[in-house]
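Every number here is computed from the coordinates shown, using simple stated rules; none is lab data. Being a predicted model, the structure only gives us computed values, none of them experimental. Cβ atoms come from the backbone with ideal geometry, glycine included; neighbour counts cover every protein chain shown.
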Amino acid sequence: MGLESDINSLVKSVDLELYDTSIVREGEDTIYRVSVLSTETENGKRKGVSLDSCVDLTHLISPLLDVTPPISGDYRLEVGSPGIERKISSIKQFAMCIGEKVSINLKAVDKIRDKIRGVLTKVEDSKIFVEIDGEEISIDYGEISKARTYFEW
C-alpha cells in the first residue's frame, strides 16, 4: 500500500473521508496538508469537521509519516477541512461534493458557455450533472478545465 492509501485507512478509522493530500509552501515553511470531510450529513449537506477530530487524526497520521515521510527535508503536518470553497480536481472529489454549489470552467470556448455555476446533482462515470435554474445539464469530465465549490454569502 502507498502512503495515501495508508492515510486513507487512518482517516476512515475515525469516520472521516479523505478529500485530498498536498504539499504546499508558505513562505519558508513546507506543509504536508491532509484535507478531510465528515461522513455525516445534516439537511442534505455534509457536517463540518471538528477541531478535536483533526487533532485525533493528526496523532494517528504523525507516526506513519515518521516511518514514511511524504517528502525529504523538514515539513509540517496540517490536518483539516478543505473549506467551504475548495478546488475540485478529480471525479472522486466531484462525487464528494454532490448537493453543493459548484463553479466550473470549460476547456472549449466555442460552446454557448465557458463557465457554469449551479448545484452538483450527481456523478455517473465521467459525466458531471449540474442543475442550473431548475434544468439539469451534463458535462463530460474531460471538458472541465477548472472547478470549485462556492458559497453565496
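Quick look at the values:
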{"read-out": "Charge dipole (debye, nearest 20) of the chain; +1 at Cβ of Lys and Arg, -1 at Cβ of Asp and Glu", "value": "400"}
{"read-out": "Cα-projected label distance for Val24 with Tyr150, points at 7 Å along beta-carbon direction, nm", "value": "2.0"}
{"read-out": "Dipole magnitude (debye, nearest 20) for the stretch 76-153, charges at Cβ of Lys, Arg, Asp, Glu", "value": "400"}
{"read-out": "Share antiparallel - DSSP beta bridges, the chain, percent rounded to 5", "value": "85"}
{"read-out": "Antiparallel bridge percentage (DSSP; both residues within the stretch 3-80; nearest 5)", "value": "70"}
{"read-out": "Rounded tilt (10° steps) of 3-13 against the dominant C-alpha axis of the chain", "value": "90"}
{"read-out": "Protection proxy ranking, peptides 49-58, 23-32, average beta carbon neighbours within 10 Å, highest first", "value": "49-58, 23-32"}
{"read-out": "Charge dipole (debye, nearest 20) of the stretch 3-80; +1 at Cβ of Lys and Arg, -1 at Cβ of Asp and Glu", "value": "220"}
{"read-out": "Nearest-ten-degree value, helix 51-67 long axis tilted from longest Cα axis of the chain", "value": "60"}
{"read-out": "Furthest towards positive pole of dipole, Thr30, Val67, Thr41, structure part the stretch 3-80, Cβ charges", "value": "Thr41"}
{"read-out": "Radius of gyration and maximum dimension Dmax of the chain, Cα, Å", "value": "17.2, 52"}
